[in-house]
Amino acid sequence: MSKGLKWSGFSVGTQLAYWHWQVGRQQLSIPHESDPAAIYRNALVKNPLDPDLHFRLGFVLHQSGDRVSAHRYYERALALRPGTGLVLEHLGRLYFEERSFNKAIPVLKQAIQAGPVQPMTLALVGRAYFEIRDFQTALESYRHLLSIDMVPEVEVVIRHQMILTLCAMGNLGAARRAALTLIQTHRMDQDLLMQLCDAFMDLNSINPAKEILGHIVRMREEYLPARQKFIQILNIENQIEALVPGIYAKEEEYALRYVSQLMRFGHEKVAKALLSLRGSESALIRQCVVEYCCRFGYLSWGEITDFLQDSSALVRCKAAEYLTRFGPSNMAPAMARALQDESDVVRACAARFLKQHGTGEMLVPLKKAIEQEEDAGTRLKIRAAITAIQRRSSSRVLSESLGKSEHLRPSMLDQVSVWAFCSLLAGLVMLAGWMFFRTG
């Protein structure tokens, strides 16, 4: 990941931390006197064991920049009342601001488990995972957060963070689609837009950067940084125009020279030109085509899956590796067929994919594959896939059984109610009969 991508993103993480503090101040109704810390210190003289006072003093000191003292009072509040979600939430924010991400994550997760938290807390967890380069967990955190109602400003920042995460993962196809959707559906600050543009430019993904710049210029025509970037992109497009004719040369070595130069740029014109070479007799050129399209996300999943049938093992490996990293679950049947591939790399990729996405229907081809597999490492991966699918199937069956039992429970209660009513009615009839004979 480039330095520019990392630091431009962290400025947004700092903004999330600031929003977290603002909401915390509103919730706590911190007094606006000249020295609220003195108020809480005087109160602690009278009530030294009050965890709320320790927390409030820590919050005020945290706000003023005295992180060392804030840390001490937060810890004291937790010692007096362990597991308090609000204290854990702000202690986690303190660690985040100190860039102690490995400390921030467990504390923030404890806060989440303790009770309702601000959406910004979940966002800070995602950003902390991003900073320690656990991009998949960061992405999952952001996706979970988007299922929660929040103010539009925070939602924009979360989607912005998701796009940076996808870029860092190398999933530029998904990042490009998410960016174009975001600028079409949400109003964004030009600084956030420029950060996205820089992220794509750092990775030579030209088209989304150009779209974002166009959006910025429409918002603010005189914005000089955007215009300077436009000039940079126009220069790149001129280079592309000059290079494209060379890829159609008859000599493989000559054509590959131009193909390798064009592969540096993620641009629709390059993608269109390279895709026209999918039927090339050169396996190296076909390998370049699939590598380019996978890198910049210019193919649909179906087209990438078609490369699993290529006569070249190198091409099939590239396609299998990409599908393993980014392919959706509906690619499982194609990956199950890949278990029979001649290449142990393709078979291992297929096993890893099915471990994550496979369902019960995939157990038959997996069990057949493990019987035939000669490579010890691939056999272990296939066995791991079988185990994972069996566990998922068992969990699903258990959930369905519990659901059915819950569904049946009301009808059982109804039967008990009918039985009780009938018993009561019979008792009343017997009582009435006994009273009749007695009076008679």
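The values are calculated or read from the model by the stated rules, or taken from the named source; none is laboratory data. These numbers come from a predicted model, not from an experiment. Backbone-built Cβ (ideal geometry, glycine too); neighbour counts: all protein chains shown.
Applying the criterion of being surrounded by fewer than 16 Cβ atoms within 10 Å (Cβ to Cβ) and part of a loop (DSSP other than H, G, I, E, B) to the residues of region 200-222, the residue that is modelled with the highest pLDDT is 220. What do you reckon, is residue 111 part of a helix (DSSP H, G or I), assigned by TED's automatic domain parsing to the domain that holds residue 128 and closer than 17 Å to residue 44 by Cβ? No, not satisfied.
Considering region 180-234, the residues that are touching a residue at least 60 places away in the same chain (Cβ under 8 Å) and of a type in the set (D, E, K, R) include one that is farthest from residue 163 (Cα to Cα), namely 202.
Note on region 74-102: among residues that are of a type in the set (Asp, Glu) and part of a helix (DSSP H, G or I), the one that is surrounded by the most Cβ atoms within 10 Å (Cβ to Cβ) is 89.
Note on region 114-137: residues that are aromatic (Phe, Trp, Tyr) and within 12 Å of residue 96 (Cβ to Cβ) amount to 2. Restricted to region 150-179, and to residues there that are among the small types (Gly, Ala, Ser) and within 19 Å of residue 132 (Cβ to Cβ), the residue that is nearest to the chain's Cα centre (by Cα) is 168. For region 227-280: of the residues being within 26 Å of residue 215 (Cα to Cα) and small (Gly, Ala, Ser), which is surrounded by the most Cβ atoms within 10 Å (Cβ to Cβ)? Going through the qualifying residues, I end up with 266. If you go through region 160-174 and keep only what is free of Cβ contacts under 8 Å to residues at least 60 places away in the same chain, closer than 11 Å to residue 199 by Cα and of a type in the set (A, V, I, L, M, F, W, C), you end up with 163, 166.
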